[in-house]
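The values are calculated or read from the model by the stated rules, or taken from the named source; none is laboratory data. Keep in mind that this is a model prediction, so the values were computed, not measured. Neighbour counts are summed over all protein chains in view; Cβ atoms, including those assigned to glycine, are modelled from backbone coordinates with ideal geometry. Calculation scope for accessible area: heavy atoms of the full protein, side chains included, ligands and nucleic acids excluded. Shrake-Rupley method; radii C 1.70, N 1.55, O 1.52, S 1.80 Å.
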Amino acid sequence: MRLSIRVKQIVGVTAIVGLVVVALSALFTNRLANVVLQESLSRGELLANTILHRAGGIVTGDVDPTIALRDDLGLRSILESSIYGDSVSFAAIVDTNGTVIVHNNRAMVGRTLAERADLEAVIRDTPMNKLRMIFAGDGQTLEVRETLKRGGDSFGSIRIGLSTLLMRRQLRELLYDAGFTGAAALAISVFVAGIFAQLLLRPIHVLRSGLTRLGKGEFGVTLDMPGGDEFGELGDFFNTVSQQLSADRSLLAGQKANLQSAVEHLEDAVALFNPSGELLFSNPAMQHTLPADSIGRVLDGLLPIGHPYRTLVEETLATRKSRGPIQIQGHPTEPVSVPGRDTGSIPRNWVSALAPQKQETRPGADDELVVTHAIAGMRGELVGVLLVSRNLAHLSRMQSTLAYSRKLVQLGRLTAGIAHEVKNPLNAMMIHLELLRTKVRGLATTLLQPEAVGAAGGTLGLGPSRATALPVPVQGALEHVEIIESEIRRLDEVVQGFLKFTRPEDLRLQPVRVAGLFEEILPIIETEASKNGVRVATDVSVSTPNVNGDAAMLRQAFLNLAINACQAMPQGGSLRVVARPASRQRVEIRIEDTGVGIKPEHLSRIFDLYFTTKERGTGIGLSMVYRIIQMHDGEVDVQSTPGRGTTFRVLLPRANGA
């Protein structure tokens, strides 16, 4: 039976106190036995001395001591009255042969009196022998002896018999009180031990409770332990360990979540088996073969005999060595009967080096590269087998995508070069158009100058009093020049935007204060808003966390969104800018307007390059916004209701420590 620490402590304290009580009781009992025996010895010696004194007055001269002692009535009276003393059983005088001369019982005169244990010898004996002598059997008689001498010669002895029954009764009476005291001491010790255990073990119970909470996975467990002793130091150490465990658990939980997310999003199919062949884990890419409800099932009940997955895993379990990579050809899944499961779908008809028999392939099957890894423990033992299957068709598609991406990069560079080459002739055309306009105006002005008319005293100008309007053909030509110039400028803007969009830019990431960012662009926004009578309101607190970004790029992106919002309210309205902390270590910036809104069929295209609904728009502004937010690892989305307004929501990552 398992005993608690409290019970053990109570038992231990009680045992110690019990041993002390027993030892003290034994010592006390020995002392009491000595006292009782010593008192009996004193009474016996007193009686013997009295008899000796009487006998000394009787036996004088040449008198026969035996006859003198036997005939003395006073001596006989002393002997007969002696039996009324405590614990005295007899009193007698015997000769050297042990024959009774005088006895308190006259019938014993002339008989031989058997010798009994000497009381003085018993007193000098060990404590156990003393107690055995007192409590053995129905009682014994101990003797006190005194030798009778005359002229230096012994002629007999005085023998006083003392009964142990009387001693036993006396000793028991004394031991009753001692026993009660010992029992009371034991009871008090149990009570005190219980209280002491409760007080002493309380910190241990607190520690146990804290450890239990830690064992259940609770984070941030702290103990309030009184300081100044070892338990206080232990509590401080526990709190430190608890904080470290909480930090480690949080870190491990984050790493586990990241690892699980990474494995679940792998294009490769991954499965993990224990040394018994039971499935422990399969990611979504593997669940077409090993579904999630197969966790905990053995390999024999999951895949048919000859299946490459099963063969590779079984060989790895048997040899404890990794196998592969081996190229196999998979086929569309078909239901396969699995014991204990009604339905299931696992690939069948595989062709590989492990199943060399010829099988008919089906169109649409993808080649796979399969490998198994034997996972060894700290002592080199096998702890599991990792199965990885890679779809070669997907790998081929990825390689094709990369090659296509490289071509797109080259094409982007080519188009950027073409755009640059187009921009130079456009600039030249603008210059020559301006020269052409100047020449046309100058030629027309020269042709319309008034002719001089002769008069007395000089020449007289007869031309009109004010400048004459240009001829209609000249005005038509100048209008065509202006149209060509306008279209060239628009084309130049498109080329400029295209170059800006395709030209790679280096991000200068640093902590950017959101409130300061909007303080810089707010005057420009208010200038644009005043043209249409738009009210601008900002709700950007100085306590808004900093974002990690390029200040110049973010300034351009938010300025584009704000100006677009102002232009969407030609009849006036309100523009509101809001910034606040968001989840996942992000900062949310919202730009809300009460303008005309965006049609539902246009929402999915507003970030496309060159898509615009404005008469003079280029379709580059929102594309630049989307590109800038993407470069900052951010998110941007839009909600709009035609006739009620539009809200752009931007999420940007917080700066470190924000």
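So the values come out like this:
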| item | result |
| --- | --- |
| Among the residues listed as S250, S189, the single one being open to solvent by 60 Å² or more (accessible area, probe 1.4 Å), of a type in the set (S, T, Y), part of a helix (DSSP H, G or I) and in contact (Cβ under 8 Å) with a residue 12 or more places away in the chain | S250 |
| Filter pass, I16 being surrounded by 12 or more Cβ atoms within 10 Å (Cβ to Cβ) and over 60 Å from the mean Cα position of the chain (by Cα) | no |
| Of all residues in segment 137-151 being assigned to a strand (DSSP E or B) and of a type in the set (D, E), the one that is farthest from G61 (Cα to Cα) | E143 |
| Residue match in segment 73-90 (condition: within 60 Å of the chain's Cα centre (by Cα) and closer than 25 Å to L165 by Cα) | no |
| Scan of segment 50-77 for residues that are open to solvent by 40 Å² or more (accessible area, probe 1.4 Å) and more than 21 Å from D153 (Cα to Cα), ordered by number | D71, L73, S77 |
| Lone qualifier among R213, R249, R208 - being among the basic types (K, R) and touching a Phe, Trp or Tyr at 6+ places or on another chain (Cβ under 7 Å) | R249 |
| Exclusive hit being of a type in the set (D, E, K, R), modelled with pLDDT under 85 and under 29 Å from D492 (Cβ atoms), set R584, R605 | R605 |
| Pick from segment 154-163, criterion at pLDDT 85 or above and over 13 Å from E45 (Cβ atoms), ranking: surrounded by the most Cβ atoms within 10 Å (Cβ to Cβ) | G156 |
| Long-range neighbours under 9 Å by Cβ, at least six apart or interchain, first residue touching a residue at least 24 places away in the same chain (Cβ under 8 Å) and under 15 Å from F558 (Cα atoms) within segment 522-541, second of a type in the set (S, T, N, Q) and open to solvent by less than 50 Å² (accessible area, probe 1.4 Å) | V536/S574; A537/S574 |
| Residue satisfying all of: in segment 207-217; closer than 21 Å to L251 by Cβ and surrounded by fewer than 13 Cβ atoms within 10 Å (Cβ to Cβ); nearest to the chain's Cα centre (by Cα) among these | G217 |
| Number of positions in segment 164-186 that are open to solvent by 20 Å² or more (accessible area, probe 1.4 Å) and closer than 30 Å to L119 by Cβ | 15 |
| Among residues of segment 536-566, those that are surrounded by 18 or more Cβ atoms within 10 Å (Cβ to Cβ) and acidic (D, E), counted | 1 |
| Hits in segment 342-373 - residues which are open to solvent by less than 60 Å² (accessible area, probe 1.4 Å), modelled with pLDDT of 50 or more, under 21 Å from S294 (Cα atoms) and not polar (S, T, N, Q) | V370, V371 |
| Considering residues of segment 568-614 that are of a type in the set (D, E) and closer than 24 Å to L522 by Cβ only, the residue surrounded by the most Cβ atoms within 10 Å (Cβ to Cβ) | D593 |
| Residue among L266, L303, L272 that is under 30 Å from R390 (Cβ atoms), at pLDDT 80 or above and in a loop (DSSP other than H, G, I, E, B) | L303 |
| Positions within segment 282-291 being open to solvent by 60 Å² or more (accessible area, probe 1.4 Å) and under 30 Å from the mean Cα position of the chain (by Cα), in sequence order | P284 |
| Exclusive hit being surrounded by 12 or more Cβ atoms within 10 Å (Cβ to Cβ), at pLDDT below 70, of a type in the set (F, W, Y) and in contact with a helix residue (DSSP H, G or I) (Cβ under 9 Å, 6 or more places away or on another chain), set F498, F518 | F498 |
| Residue list for segment 509-544, filter: assigned to a helix (DSSP H, G or I), within 17 Å of R590 (Cα to Cα) and among the hydrophobic types (A, V, I, L, M, F, W, C) | V514, A515, L517, F518, I521, L522, I525 |
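Here's the yes/no breakdown for (1) among the hydrophobic types (A, V, I, L, M, F, W, C); (2) modelled with pLDDT under 70; (3) open to solvent by 80 Å² or more (accessible area, probe 1.4 Å):
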residue: L414; (1), (2), (3): yes, no, yes
residue: G417; (1), (2), (3): no, no, no
residue: P425; (1), (2), (3): no, no, no
residue: M429; (1), (2), (3): yes, no, yes
residue: L435; (1), (2), (3): yes, no, yes
residue: A444; (1), (2), (3): yes, no, no
residue: E451; (1), (2), (3): no, yes, yes
residue: G461; (1), (2), (3): no, yes, no
residue: A469; (1), (2), (3): yes, yes, no
